[in-house]
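The values are calculated or read from the model by the stated rules, or taken from the named source; none is laboratory data. Treat the numbers as computed from the prediction; the structure is a model and nothing was measured. Note: ideal-geometry Cβ built from the backbone for every residue, glycine included; neighbour counts use all protein chains shown. Only protein heavy atoms, including side chains, enter the accessible area calculation; ligands, DNA and RNA are left aside. Shrake-Rupley method; radii C 1.70, N 1.55, O 1.52, S 1.80 Å.
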Amino acid sequence: MGGNAGAADPDEPRKSRKMYASHEDIGYDFEDDPKDKKTLKPDPNIDGGWAWMVVLSSFFVHILIMGSQMALGVLNVEWLEEFHQSRGLTAWVSSLSMGITLIVGPFIGLFINTCGCRQTAIIGGLVNSLGWVLSAYAANVHYLFITFGVTAGFGSGMAYLPAVVMVGRYFQKRRALAQGLSTTGTGFGTFLMTVLLKYLCAEYGWRNAMFIQGAVSLNLCVCGALMRPLSPGKEGKDPGETDPQVLPAHSPESVKSSAQLGRAEEKEGSPGHEEALDDLAAQACQEKAGHRKNMCAFRALKTVSQLTMRVRKGFQDWYSGYFGAASLFTNRMFVAFVFWALFAYSSFVIPFIHLPEIVDLYNLSEQNDVFPLTSIIAIVHIFGKVILGAVADLPCISVWNVFLMANFTLVLSIFILPLMHTYAGLAVICALIGFSSGYFSLMPVVTEDLVGIEHLANAYGIIICANGVSALLGPPFAGWIYDMTQKYDFSFYICGLLYLVGLLFLLIQPCVQIIEQSRKKSVGGTHV
């Protein structure tokens, strides 16, 4: 990661180190070097123990969310038959769901900062499940826009971002490998959810299938419950923790003890005071009940006050992260990364859109039916995430360099694919696309190296938001190019060029820094 650290301004992560941190999720301090910046108050769960449960939780989140998104083609066919709408209008349901899942990333940062990753993921699971269930009663496609596209999509976003952030917080040495393992859930989920939805639709109909899938989505709440926050450091304290110093002096226990003392004193007196003793006991009971009501009111008021302060603090940190003096957008390298994200995702989905047509164009349907080219991409994509993650974690390897090499390989593959006219040639290129696109597992790691772990939720929310915009606009843009040219080749070439432009944004800042460093060395040499 040393190369990546060199790409970004080394002082930028330090400018606003305390800008963004969930009250319950941060349990350590940070150093400056990306490889060593988490040398900290040791937590036994860092890089081991419960950290692997967090990876497992994130893995199932990817299966339930991203896997379901990739399998929506099964339901899309059912919606076409049910509502008799155009393919373009019906396709917007699944596109809107995926787009909302990613685009809401910046806003989910507010929930994470206020409630923490665990509560955010649990609420997201409930909202996502509600969206699936409400969609089972859809009367038209426009109803699905609200229930499935917006509601289920927003719930997916609330569960997805915490799953990525928590893996980053639990790992230091094997961050890339951990992210790679967790994100392989997308590939496994694509196969599992496709089979599940096909079976449910065949057996029970698409409405009951969505209802059952809503129940399955409740497992997101279980995954969220597994996202146990790291123990806070000495400087931090859970905002929900009670301060014993603020308890009132006269508690119900003190009233009880004083009443017992009064009774003892009365017993030592003359027996003629029994009536006075009864009055004193009744008065003590009334005082005890009054104090109990006051304590309940006090605790309720204190809880509301703490929640209000927590929400205000979370909003202030979230707002400063985007618009304040310590804004993430003051980091030029991060801004370049956002521009890259705007172009990257659309280029990745282009092969999935046009491969079926290319297979028909070159009369390769028979071979493709035996082993679909899209399946080659999906399978190799799983291995690519794990292998690239393991390589990036090697001490002598820079995550940044692995990330750039994978991107350039993907761009090259996109340019070459239209030139392949045989099944074997297309299969090789699809395998390269699947493997190189495994860099998606490195995106949280690269983001963390650019902005620091404290800002990961905020920054990664922006990155996936840019991906969401790309996912929404990419397929229609590719279709528009085909309509204009009546050739699939131009879709690949133009999207590849846009991807290359995004990569150039990533290279501008490192090149500028290299030039400045060479100038400083030359100036220092002349002075000597």
### Query
Which residues, taken from segment 60-88, are in a loop (DSSP other than H, G, I, E, B) and farther than 25 Å from Met227 by Cβ?
Leu72, His84, Gln85, Ser86
### Task
Confirm whether Thr120 is within 28 Å of Met166 (Cα to Cα), at pLDDT 90 or above and touching a helix residue (DSSP H, G or I) at 6+ places or on another chain (Cβ under 6 Å).
yes
### Query
Which of (1) open to solvent by 20 Å² or more (accessible area, probe 1.4 Å); (2) modelled with pLDDT of 90 or more does Ser182 not meet, given it meets every other one?
(1)
### Query
Only one of Ile353, Ile377 is outside the structural domain of Thr101 (by the TED database), β-branched (Val, Ile, Thr), modelled with pLDDT under 70 and under 23 Å from Leu472 (Cα atoms); which?
Ile353
### Query
Right, Leu432: surrounded by fewer than 16 Cβ atoms within 10 Å (Cβ to Cβ), more than 20 Å from Ala71 (Cβ to Cβ) and not small (Gly, Ala, Ser) or not?
no
### Query
Hey, does segment 116-124 have a residue that's farther than 19 Å from Val222 by Cβ and surrounded by fewer than 20 Cβ atoms within 10 Å (Cβ to Cβ)?
no
### Out of Gln509, Gln486, Gln513, sole residue that is at pLDDT below 80, in the same structural domain as Phe403 (by the TED database) and on the phi > 0 side of the Ramachandran plot
Gln486
### Unmet requirement for Ser135, which otherwise passes all of (1) more than 14 Å from the chain's Cα centre (by Cα); (2) within 28 Å of Trp50 (Cα to Cα); (3) open to solvent by less than 10 Å² (accessible area, probe 1.4 Å)
(2)
#### Entry: Test: residue in segment 365-385 that is outside any helix (DSSP H, G or I) and either more than 26 Å from the chain's Cα centre (by Cα) or surrounded by fewer than 16 Cβ atoms within 10 Å (Cβ to Cβ) (or both)
yes
